[in-house]
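One structure is given here, and the rest of the page talks about it.
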Amino acid sequence: MMLSGLLYSGYIAAFILPATWSFYLTSFLIGVAAAMLWTAQGNFLVLNSDASTINKNTGLFWALLQCSMLFGNLYIYFDWNGKITVTDKDRMTVFVVLLVLSLLGTLSFIVLRKNCDPDEAPNEENDSLLPASMIYKQRALSAVREATTEFRTMINMFGTKTIFLLSFCMAYSGLELTFYSGVYGTCIGATAQFGTSAKGLIGLSGILVGIGEIVGGGLFGLLCKNSRFRRTSVVFLGMMVHFISFYLIFLNIPDDAPIVFESVTVLEPYLTPSVPVTLMCSFLLGLGDSCFNTQIYSLLGCLYAEQSSPAFAIFKFIQSVCAAVAFFYSNYLLLSWQLLLMVILGFAGTLCFFLVEKTQGMSADLQEY
């Protein structure tokens, strides 16, 4: 987690003195860092949770994570409001502050408690009899063997029925991640009917998405009991919330909004674009996203408590691949087709999530019997 945090800080630092080569290099490195960080955080979350606390811890983790969308967008909205041009000083101020906060967050990993299985704890008595070079070599070989074992476990898990079914839900989380984080803001900014306020609405949209994420993470993490009924209910709620927002976006935003570049839309939407409806859809997108992600984390933590690292690595792999695919087609497909793809995959992912919960519930009942 510390290594990943440092790579994240490097990505932020690239914006202080921008250069094309540094953008491409740090973008690649932050992709590697994201894969490591999310896998490590998921493993750490499971190690510090049990069946009765995994849902609460997941919800708290998700709510705190999404606070960044709220405070960051608020700062930009109030500090840059009314500015026609963002100066070098404005940009450097923002990214220096972000860099300091990122480094402080990375350093906070030092104080996290360590979980160590007594059976796997290093034998200090034997280590004290060996030279330092031999100790480091043994630990390095042990780390390599552990990583190889985890990778083989991940490959084997790919072929299981449970991961196959959950992959539809994971894939949907990748598509809608791209939509609310990149596509929807672009659509708002390109909607000609919003006039000069269109660009300002992008920041407000990000704030409302963040509020939806925080409300969802806090509500479902703290109030929902960790039971099969509650978990499936939250996912079903997330699907319905997203479908309502998709329908309103379909009516409220022009169909060509995602594919116009540095211009405004030409097509007319079915309804006159409304700012309250636009911002309400942003909130619903964040709320629905928290429903899916918190419950996927909770379910993986329960099903793969002993194999959490490979499980979360698979989740991040599938989500990232689908997010990349969605970013690719978002520049070419009309808004209605993008929404249709998410509706189909969202319904399939929810159905598969229900099947996994039902299967695991039957297995638990059989073991108890």
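The values are calculated or read from the model by the stated rules, or taken from the named source; none is laboratory data. Everything quoted here is computed from the prediction, not taken from an experiment. No Cβ is skipped: glycine too gets one built from the backbone with ideal geometry, and neighbour counts run over all protein chains shown. Heads up: the accessible areas ignore ligands, DNA and RNA and are worked out on the full protein's heavy atoms, side chains in. Shrake-Rupley method; radii C 1.70, N 1.55, O 1.52, S 1.80 Å.
Within the stretch 292-299, identify whether any single residue is open to solvent by 10 Å² or more (accessible area, probe 1.4 Å), within 22 Å of the chain's Cα centre (by Cα), at pLDDT 90 or above and not aliphatic (A, V, I, L, M), and answer yes or no.
no
Test Leu101 against the stated conditions and say whether it is free of Cβ contacts under 8 Å to residues at least 12 places away in the same chain and surrounded by 13 or more Cβ atoms within 10 Å (Cβ to Cβ). Spell out how you get there, then give the answer.
Values: free of Cβ contacts under 8 Å to residues at least 12 places away in the same chain: yes; surrounded by 13 or more Cβ atoms within 10 Å (Cβ to Cβ): yes.
In short, yes.
Do you know which of the residues in the stretch 20-30 that are buried (at least 17 other Cβ atoms within 10 Å of the Cβ) and under 18 Å from the mean Cα position of the chain (by Cα) is nearest to Leu98 (Cα to Cα)? Quick ask: steps written out before the conclusion?
Taking the stretch 20-30 and keeping what is buried (at least 17 other Cβ atoms within 10 Å of the Cβ), we get 26, 29-30.
Filter again for under 18 Å from the mean Cα position of the chain (by Cα), leaving 29-30.
Details: Leu29: 18, Ile30: 15 Å.
That would be Ile30.
What number of residues in the stretch 270-285 are in contact (Cβ under 8 Å) with a residue 24 or more places away in the chain and either farther than 13 Å from Gln193 by Cα or not in a helix (DSSP H, G or I) (or both)? First the steps, then the outcome.
Here is the first cut: in the stretch 270-285, the residues in contact (Cβ under 8 Å) with a residue 24 or more places away in the chain are 272-273, 275, 277-285.
Of the ones still in play, those that are also either farther than 13 Å from Gln193 by Cα or not in a helix (DSSP H, G or I) (or both) are 272-273, 277, 279-285.
Adding up the residues that qualify gives 10.
Among helices (runs of 4 or more DSSP H) lying entirely in the stretch 48-146, which contain 1 or more residues that are at pLDDT 75 or above and under 30 Å from Gly217 (Cα atoms)? Lay out the reasoning, then the answer.
On the way: elements: 54-80, 88-107, 124-127.
Those helices (runs of 4 or more DSSP H) span 54-80, 88-107.
Can you say whether Ala33 is aliphatic (A, V, I, L, M), within 21 Å of the chain's Cα centre (by Cα), over 16 Å from Gln295 (Cα atoms) and assigned to a helix (DSSP H, G or I), as far as the supplied structure shows?
Values: aliphatic (A, V, I, L, M): yes; within 21 Å of the chain's Cα centre (by Cα): yes; over 16 Å from Gln295 (Cα atoms): yes; assigned to a helix (DSSP H, G or I): yes.
Against the criterion (aliphatic (A, V, I, L, M), within 21 Å of the chain's Cα centre (by Cα), over 16 Å from Gln295 (Cα atoms) and assigned to a helix (DSSP H, G or I)), Ala33 qualifies.
Return the residue satisfying two criteria in turn: it lies in the stretch 314-341 and is surrounded by 19 or more Cβ atoms within 10 Å (Cβ to Cβ) and among the aliphatic types (A, V, I, L, M), and of such residues it is modelled with the lowest pLDDT.
Taking the candidates together, the pick is Ile314.
Can you tell me which residue in the stretch 151-192 is modelled with the lowest pLDDT, limited to those that are in a helix (DSSP H, G or I) and surrounded by fewer than 16 Cβ atoms within 10 Å (Cβ to Cβ)? Working first, answer last.
Step one: filter the stretch 151-192 for residues in a helix (DSSP H, G or I), giving 151-158, 161-190, 192.
Retained after the next criterion (residues that are surrounded by fewer than 16 Cβ atoms within 10 Å (Cβ to Cβ)): 151-152, 155-156, 158, 161, 164, 182.
Values: Phe151: 69, Arg152: 73, Ile155: 75, Asn156: 75, Phe158: 73, Lys161: 87, Phe164: 90, Gly182: 85.
Out of the qualifying residues, it is Phe151.
Okay, residues lined up against (1) over 28 Å from Leu219 (Cα atoms); (2) touching a residue at least 60 places away in the same chain (Cβ under 8 Å); (3) assigned to a loop (DSSP other than H, G, I, E, B):
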site: Leu287; (1), (2), (3): no, yes, no
site: Phe292; (1), (2), (3): no, yes, no
site: Ala305; (1), (2), (3): no, yes, yes
site: Phe328; (1), (2), (3): yes, no, no
site: Tyr332; (1), (2), (3): yes, yes, yes
site: Met342; (1), (2), (3): no, yes, no
site: Phe347; (1), (2), (3): no, yes, no
site: Phe353; (1), (2), (3): no, yes, no
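Given the residues Leu45, Leu70, Leu17, which is the only one that is surrounded by 16 or more Cβ atoms within 10 Å (Cβ to Cβ) and under 17 Å from Val97 (Cβ atoms)? Explain how you work it out, then say what you get.
On the way: Leu45 fails: under 17 Å from Val97 (Cβ atoms); Leu17 fails: surrounded by 16 or more Cβ atoms within 10 Å (Cβ to Cβ).
Result: Leu70 is the single residue among Leu45, Leu70, Leu17 that is surrounded by 16 or more Cβ atoms within 10 Å (Cβ to Cβ) and under 17 Å from Val97 (Cβ atoms).
What tally of residues in the stretch 240-260 results from selecting those that are surrounded by fewer than 20 Cβ atoms within 10 Å (Cβ to Cβ) and either under 22 Å from Cys169 (Cβ atoms) or free of Cβ contacts under 8 Å to residues at least 40 places away in the same chain (or both)?
6
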